[in-house]
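Working notes, beginning with the structure itself.
The values are calculated or read from the model by the stated rules, or taken from the named source; none is laboratory data. Remember, it's a predicted structure, so these values are computed and weren't measured experimentally. When we count neighbours, we look across all protein chains shown, and the Cβ atoms used for this are built from the backbone with ideal geometry, even at glycine. These area figures cover heavy atoms from the full protein model, side chains too; ligands, DNA and RNA do not enter into them. Shrake-Rupley method; radii C 1.70, N 1.55, O 1.52, S 1.80 Å.
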Amino acid sequence: MTGRELRRFPDHTFGQAFTTIKCECSSYLPWLENRFKRAGGQVQQRKVDNLQELSNSYDIIVNCSGLGSKLLVGDTQVYPVRGQVLKVEAPWLQHFIRDGDGKTYIFPGIHSVTVGGTRQEGDWRLEADEGDTKSILERCGRLEPSISKAKVLSEWVGLRPSRRNPRVERELVQLQGRQVPVVHNYGHGGWGVTLAWGTALDAMRLVRQCLSEKPARAKL
């Protein structure tokens, strides 16, 4: 950033300006699901407490259960990182701003502006925290004073399924007396959208390896 641009941020001595892509998951995820269905995929919604429940239904299991893997496959290395954001009405904001530590940001979207945030490791709370809301508005207000005029539309809390290293690997699991290949693909933390296509390709490669080693007509 030029010296003139940096004058907008008196608490900072260095900055970068660039053009990039912003993904709105409220639209992106339904699009991905529709793409999956058009390719012949089927979606079933049910609760699975143990892989044993799937033993008679599938020849290969792909585990993308995120935080659920803590109980589903007994992974003690997966943990939540709590994030809280606000949706505000500020149509005059056209450019994103992100502080250096990544915890304070302003992201204009299609219908509203997202301001955040928090990164609280090991925190399972799903309720909005009043103290976090106040902190977010204060921090974002220092980056962009006009935020103080914005109307808060909603508060949102999510848990990032984190792990020291994302788990993308396969293993053979004994299910009801037979060995079933399980391909794991989870633990992406706050970088799920960024890493999704790459790790999906890795997971698909592992699935193909499993299929090549099984008899014909294997059911996925």
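Pairs linking a residue in segment 65-78 that is touching a residue at least 60 places away in the same chain (Cβ under 8 Å) to a residue that is open to solvent by 30 Å² or more (accessible area, probe 1.4 Å) and among the aromatic types (Phe, Trp, Tyr), with Cβ atoms under 9 Å and 6 or more positions apart or on different chains, are 67/79; 67/124. Each residue in segment 4-60 was checked for being within 21 Å of the chain's Cα centre (by Cα), among the aliphatic types (A, V, I, L, M) and outside any loop (DSSP other than H, G, I, E, B), and 2 of them qualify.
Of the residues making up segment 70-83, none is over 15 Å from the mean Cα position of the chain (by Cα) and in a strand (DSSP E or B).
Only a single item in (1) acidic (Asp, Glu); (2) surrounded by 15 or more Cβ atoms within 10 Å (Cβ to Cβ); (3) modelled with pLDDT under 90 is not met by residue 99, and it is number (3). The listed residues are 157, 193, 173, and the only one of them that is surrounded by fewer than 19 Cβ atoms within 10 Å (Cβ to Cβ), out of contact with any strand residue (DSSP E or B) (no Cβ under 7 Å at 6 or more places or on another chain), among the aliphatic types (A, V, I, L, M) and not in a loop (DSSP other than H, G, I, E, B) turns out to be 193.
Kindly establish whether residue 167 is modelled with pLDDT of 95 or more, farther than 30 Å from residue 8 by Cα, part of a strand (DSSP E or B) and open to solvent by less than 90 Å² (accessible area, probe 1.4 Å). When the stated conditions are applied, residue 167 passes them.
Scanning segment 18-38 for any residue that is of a type in the set (D, E, K, R) and open to solvent by less than 50 Å² (accessible area, probe 1.4 Å) turns up at least one such residue. Would it be correct to say that residue 135 is among the small types (Gly, Ala, Ser), free of Cβ contacts under 8 Å to residues at least 60 places away in the same chain and open to solvent by less than 50 Å² (accessible area, probe 1.4 Å)? Criteria met by residue 135. Of all residues in segment 108-116, none satisfies being touching a residue at least 40 places away in the same chain (Cβ under 8 Å), part of a strand (DSSP E or B), out of contact with any Leu (no Cβ under 6 Å at 6 or more places or on another chain) and not basic (Lys, Arg).
Kindly check whether there is at least one residue in segment 45-60 that is touching a Pro at 6+ places or on another chain (Cβ under 6 Å) and surrounded by 12 or more Cβ atoms within 10 Å (Cβ to Cβ). The answer is yes, given that some residue of segment 45-60 is touching a Pro at 6+ places or on another chain (Cβ under 6 Å) and surrounded by 12 or more Cβ atoms within 10 Å (Cβ to Cβ). Of 141, 187, all but one fail to be in a helix (DSSP H, G or I) and open to solvent by less than 90 Å² (accessible area, probe 1.4 Å); the exception is 141. Take residue 92 and decide whether it is out of contact with any strand residue (DSSP E or B) (no Cβ under 9 Å at 6 or more places or on another chain), open to solvent by 40 Å² or more (accessible area, probe 1.4 Å) and in a loop (DSSP other than H, G, I, E, B). Here the answer is yes, as residue 92 does meet what is asked.
Counting the residues of segment 109-119 that are surrounded by fewer than 18 Cβ atoms within 10 Å (Cβ to Cβ) and over 15 Å from the mean Cα position of the chain (by Cα) gives 3.
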